[in-house]
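Each remark here refers to the structure printed beneath this line.
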Amino acid sequence: MNGLANRELVLNSVLVTGANRGLGLGIVHHLLEQQQASPRFIFATCRCADEQSAKELRNLAEHHASLLVVEMDITDRASVERAVRVVDEAVGEEGLNLLVNNAGTLQTGSLGSLSADSMLQCYHTNAVAPAILTEAFLPLLNRAADFNVKLPMGCQKAAVVNVSSEAGSISSVPGNFHISKVYPYRASKAALNMLIRCLAEELKEQGILCVALHPGWVRTRMGGSRAQIGIEESITGILGVMACLTEKDNGSFLDWRGQTVPW
Ligand SMILES: NC(=O)c1ccc[n+]([C@@H]2O[C@H](COP(=O)([O-])OP(=O)(O)OC[C@H]3O[C@@H](n4cnc5c(N)ncnc54)[C@H](OP(=O)(O)O)[C@@H]3O)[C@@H](O)[C@H]2O)c1
């Protein structure tokens, strides 16, 4: 992909999960600051909108009418369904263009210290929840695809982007395993990758594009202070990649530079 840095993501509506901090909050900041056009609706979800953890997001929403803070615990179906209703009411017949499954959790653990609870919690948040969430928002994505039927496949029409990780790449294990073993996280992101391959196959007929993105090793609470890149570099990259996605990228696994990550 060429010229990613200058590409802006122009679309009507987007929903980003886990938007109160880290990469999710970074995506929201960047979308609000776009020069060309900011989305008409930015749904930024967080678990507890009233709490200190969402203060920055709430402050942003006070200054931007396009930013709607939606409370959603992605592992709680009732909470997901409430969020769908809020988004449905706002977007109307135009539907939801882009669902960014960004929220995630890092549970560590390797042989000798594995716990079923942490494996299951990681799997629930990182793989099960994005599946349930995508299913719940599918009618709104379908509506966007129908509304924009003349547009080619892409985020402007209708798309699902799963924020995955190179740690979930099975073929990269020999190269990066000893840097960070994190069995629960790796297994959950590998499952998330399979999810996007299945979705891509199933939803292409409806014109909905599905892609997995690795944001790089980024200095967030999850990535830690020793990570390779800052939020700014990661977000500029992943938004540029999202803006350039076309039909040929459906079902692919790309990093923040637009390079293919091996499954
Ligand atoms: N940072 C990296 O180096 C890196 C590398 C590869 C991939 N990633 C992926 O990038 C995504 C974002 O990571 P990050 O670095 O921004 O992590 P982060 O700073 O730890 O943020 C994680 C976000 O996910 C939310 N979240 C967790 N469980 C949730 C749940 N059950 N319901 C709703 N929200 C939930 C958190 O909300 P609370 O504040 O409520 O906990 C928070 O907003 C993740 O999917 C991660 O796996 C990150």
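Among the residues of region 35-65, those identified as of a type in the set (S, T, N, Q) and surrounded by 14 or more Cβ atoms within 10 Å (Cβ to Cβ) are Ser38, Thr45. Scanning region 104-151 for residues that are touching a strand residue (DSSP E or B) at 6+ places or on another chain (Cβ under 8 Å) and among the polar types (S, T, N, Q) returns a single hit, Thr134.
Find the helices (runs of 4 or more DSSP H) located wholly in region 160-255 whose residues include 3 or more that are more than 16 Å from the ligand (Cβ to nearest atom), and list them.
183-203, 231-244
Just one of the listed residues (Ser169, Ser164) is surrounded by 15 or more Cβ atoms within 10 Å (Cβ to Cβ), at negative phi and in contact with a Pro (Cβ under 8 Å, 6 or more places away or on another chain), namely Ser169. Residues that are surrounded by 15 or more Cβ atoms within 10 Å (Cβ to Cβ) and more than 15 Å from the ligand (Cβ to nearest atom) within region 67-85 comprise Leu67, Leu68, listed in sequence order.
Can you tell me which residue within region 5-30, out of those that are part of a helix (DSSP H, G or I), hydrophobic (A, V, I, L, M, F, W, C) and at pLDDT 95 or above, is surrounded by the fewest Cβ atoms within 10 Å (Cβ to Cβ)?
Filtering region 5-30 for residues that are part of a helix (DSSP H, G or I), hydrophobic (A, V, I, L, M, F, W, C) and at pLDDT 95 or above, the one surrounded by the fewest Cβ atoms within 10 Å (Cβ to Cβ) comes out as Leu25.
Applying a threshold of 7 Å to beta carbon distances and a minimum spacing of six or more residues, or different chains, the list of pairs starting in region 91-116 at a residue that is without any contact (Cβ under 8 Å) to a residue 60 or more places away in the chain and ending at one that is of a type in the set (Lys, Arg) and surrounded by 11 or more Cβ atoms within 10 Å (Cβ to Cβ) reads Glu93/Arg143. Listed by first and then second residue, the pairs with beta-carbon distance under 8 Å, at least 6 apart or on different chains, first residue in region 207-222 and over 11 Å from Ile238 (Cβ atoms) and polar (S, T, N, Q), second in a loop (DSSP other than H, G, I, E, B) and within 14 Å of the ligand (Cβ to nearest atom), are Thr220/Arg21; Thr220/Ala227.
The single condition among (1) assigned to a helix (DSSP H, G or I); (2) at pLDDT 95 or above that Val70 does not satisfy is (1).
Considered as a group, the residues in region 87-124 that are over 30 Å from His178 (Cβ atoms), buried (at least 17 other Cβ atoms within 10 Å of the Cβ) and of a type in the set (A, V, I, L, M, F, W, C) include one that is nearest to the ligand (Cβ to nearest atom), and that residue is Val100. When Ala212, Ala227 are screened for being in contact with a strand residue (DSSP E or B) (Cβ under 6 Å, 6 or more places away or on another chain), among the hydrophobic types (A, V, I, L, M, F, W, C) and more than 22 Å from Met119 (Cα to Cα), only Ala227 passes.
Those residues that are among the polar types (S, T, N, Q) and either in contact with a Ser or Thr (Cβ under 9 Å, 6 or more places away or on another chain) or part of a helix (DSSP H, G or I) (or both), I need them from region 135-159; list them, please. Of everything in region 135-159, just one residue is among the polar types (S, T, N, Q) and either in contact with a Ser or Thr (Cβ under 9 Å, 6 or more places away or on another chain) or part of a helix (DSSP H, G or I) (or both), namely Asn142. Annotation: of all residues in region 236-254 being of a type in the set (Val, Ile, Thr) and over 14 Å from the mean Cα position of the chain (by Cα), the one that is farthest from Cys198 (Cα to Cα) is Thr236.
The values are calculated or read from the model by the stated rules, or taken from the named source; none is laboratory data. The shown structure was predicted, so the numbers you read here are calculated from the model rather than taken from an experiment. FYI the Cβ positions are ideal-geometry reconstructions off the backbone, even for glycines, and counts take in every protein chain you see.
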